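Chemist: Dumping the structure here so I can ask a few things about it.
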Amino acid sequence: MTGGALAGVAQSGLGLLLLVALAWIIGRMPRGVSWRAVGIGLVVQVVIALVLLKLPPVQLAFVWANRAVSALEAATRAGTSVVFGYLGGGAPPFDAVTPANSFVLAFQGLPLILVIGAIAGLLYHWRVIPLFVRLFARLLRRSFGVGGAVGVSTAANVFVGMVEAPLFVRPYLARLTNSELFMVMTAGLSTLAGNMMVLYAVFLTGVIDDPIGQLLTASLISAPAALVVAMVMMPAMAATTPDGVLAEDVDAPPSEASSSLEAAVVGVLNGINLLINVVAMLIAGIALAALANMVLGLGGDIGGAPLTLERMLGWIMAPIAWAMGMSWTEALAAAPLLGTKVVVNELVAFLNFAADPSAFSPRSRLILTYALSSFANIGSLGIMIGGMIAMVPERRADIVRLAPLSLVSGTIATCMTGAVVGLVSL
């Protein structure tokens, strides 16, 4: 290992500890933190990263996973080109002057959500997803000592979204302590759903190696990272839920479908709702951010450039990007992307990153990919609040009170995964 590489690893290791300290300070330096569990959580994250990123059999599996993503993309294009013609990826009826501008996100990229929705519906119906959720939940329970409801919901977040995961433990939500509820909410904002992973993997093709494997690894690392940050900011008063439920006792809700065909149909219908939400959030989020930038720009240039939300958040996020293991120059370039992720969403941040990754070294591209891989943004926070209140209306006050803090904890947990990958990337 060269001196520069060793310094980068040390920087990421220091940054990992600084992020833990930041979470503790933001949580008002609470007493009763189980530092033993925090230490175990940090080790678990590093072990997951080492196993998934360094073992040759896993890397070979990632190669096949990326080929599967390419096949899904091609299959989706076959459907969109029939339905939308050249807007959906079909041959244009004219000579394209700028072929690079022929990609239409709404007609070529986002419909992939529908295909993944159908596949996810089948995997859930066949009990494949619940099996992996239960296995990962046992690992989290034995590592952190958390209650089964928290473990199952956190594990489910590796595969499904911030609203779908709590459905796995809906009967137990009303009995969770506030610290456990905070863990569930933090995990929801710290990870990505499987269908969005595949979409982002398409965007990141050519930017990083094995994008789908990297995004899946990011979500797996983010699950224990979320528990670490939540436990530091709001220590649990008890190791389990009041009724002592174990991970082995929590079963996933049954499939809504009576057959595999119906499961695929239900998955597509669920995908339609998600697709509409994504399109709506993109349009409204980008528009509101643009309006805010116009208002901020009325004050004139500051430091030789107009003031924008991205610049303001960049001033905050640049030190965090450096703590993850980037050079200061790269941290300044990464900060606006991290700010965009929080203010708008991770989809726009990934698109902007993929459009021009030249400012980053291969290692920093990997770190930034992990730091962007979560639902920790204002729009997703609103979706989570609405979904959880619908599931457990009697906890409305607690959910609303914990929501802003969970956005902060989810952001820190995601940045922690960036530091972890920086630590193991040589």
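Chemist: Kindly provide the Kirkwood hydrodynamic radius of the range 43-185 in Å, to one decimal, from all pairs of distinct alpha carbon atoms.
Modeler: Numbers: mean 1/r = 0.0545 Å⁻¹.
Kirkwood radius, the range 43-185: 18.3 Å.
Chemist: Next question. If you bin the C-alpha pair distances of the range 362-426 every 10 Å from 0, what whole percents do you get?
Modeler: Over the range 362-426, the share of Cα pairs per 10 Å bin runs 21, 38, 23, 14, 3 percent.
Chemist: Can you tell me how the chain classifies by the Cα gyration tensor, rounded, prolate or oblate, using a/c under 1.5 as the rounded cut?
Modeler: Details: a/c = 1.41, a/b = 1.10, b/c = 1.28.
Verdict is rounded for the chain.
Chemist: Give the long-range amide H neighbours of ASN345: residues separated by 5 or more places, or on another chain, with amide H under 5 Å away, using H modelled in the peptide plane at 1.01 Å from N.
Modeler: HN-HN under 5 Å from ASN345: empty list.
Chemist: Ignoring ligands, DNA and RNA, what percent of the 1.4 Å accessible area of the range 359-426 is carbon and sulfur?
Modeler: On the way: 1430 of 2010 Å².
Answer for the range 359-426: carbon and sulfur cover 71 percent of the accessible area.
Chemist: For ILE302, what residues show an amide H to amide H distance below 5 Å, using hydrogens built from the backbone and excluding near sequence neighbours?
Modeler: Here the answer is LEU307, since their amide H atoms fall under 5 Å of that of ILE302.
Chemist: Among GLY145, LEU366, LEU87, which residue has its Cα furthest toward the positive end of the charge dipole of the chain, with +1 on Lys/Arg Cβ and -1 on Asp/Glu Cβ?
Modeler: GLY145
Chemist: Let me ask something additional. Around ILE383, with a cut-off of 15 angstrom between Cβ atoms, what is the net charge of the other residues, counting Lys and Arg +1 and Asp and Glu -1?
Modeler: Numbers: positive: none; negative: GLU164, GLU346.
Taking every other residue near ILE383 into account, the sum is -2.
Chemist: Among ALA78, ALA397, VAL279, whose Cα sits farthest toward the positive end of the charge dipole of the chain (+1 at Cβ of Lys/Arg, -1 at Cβ of Asp/Glu, about the Cα centre)?
Modeler: ALA397
Chemist: While we're on this one: By average Cβ neighbour count within 10 Å, what is the ranking of 214-224, 183-193 from highest down? Before the final figure, lay out each step's value.
Modeler: Working: 214-224: 26.4, 183-193: 30.4.
Going from most to least packed, we get 183-193, 214-224.
Chemist: Cut-off 10 angstrom, C-alpha nodes, Gaussian network model of the chain. Which of ALA49, ALA349, ALA71 fluctuates the most?
Modeler: Judging by the Gaussian network model, the answer is ALA71.
Chemist: Okay, next question. What is the gain in length, in nm to one decimal, between LEU298 and LEU351 on full extension, counting 0.36 nm per residue of separation less the C-alpha to C-alpha distance?
Modeler: Details: separation 53, 0.36 × 53 = 19.08 nm, distance 2.74 nm.
Once the chain is fully extended between LEU298 and LEU351, it gains 16.3 nm.
Chemist: So what is the calculated 222 nm ellipticity per residue for the chain, using -39500 (n - 2.57) for each DSSP H run with n of 4 or more, over all residues, to the nearest 500 deg cm²/dmol?
Modeler: Values: 17 runs with 298 residues, N = 426.
Mean residue ellipticity, 222 nm, calculated: -23500 deg cm²/dmol.
Chemist: Per residue, how much accessible area does the chain have with a 1.4 Å probe, in Å²? Don't skip to the answer; put the middle values down first.
Modeler: Working: 18230 Å² over 426 residues.
Per residue, the chain has an accessible area of 43 Å².
Chemist: Next question. Treating only the Cβ of Lys, Arg, Asp and Glu as charged (+1, +1, -1, -1), what charge dipole size does the range 35-176 show about its Cα centre? Round to the nearest 20 debye. Mind showing how you got there, number by number?
Modeler: Values: 11 positive and 3 negative charges, 183 e Å.
In total the dipole reaches around 880 debye.
Chemist: At a 10 angstrom cut-off on C-beta neighbours, averaged per residue, how do the peptides 310-323, 143-156 rank from highest to lowest? Walk me through the numbers on the way to the answer.
Modeler: Values: 310-323: 19.4, 143-156: 27.8.
Going by the mean number of other Cβ atoms within 10 Å, highest first, we get 143-156, 310-323.
Chemist: I need the peptides 364-377, 291-304, 403-416, 10-23 ranked by packing, meaning the mean over residues of other C-beta atoms within 10 angstrom, with the highest value on top. Show your work: numbers first, answer last.
Modeler: Values: 364-377: 27.1, 291-304: 10.6, 403-416: 24.7, 10-23: 19.2.
For the peptides 364-377, 291-304, 403-416, 10-23, the packing ranking is 364-377, 403-416, 10-23, 291-304.
The values are calculated or read from the model by the stated rules, or taken from the named source; none is laboratory data. Predicted model, so just to flag it, every value in this text is computed and none were measured. In this analysis, Cβ positions are derived from the backbone assuming ideal geometry, glycine residues included, and neighbour counts consider all displayed protein chains. For the accessible areas, the whole protein counts, side chains as well, though only heavy atoms, and no ligand, DNA or RNA atoms are used. Shrake-Rupley method; radii C 1.70, N 1.55, O 1.52, S 1.80 Å.
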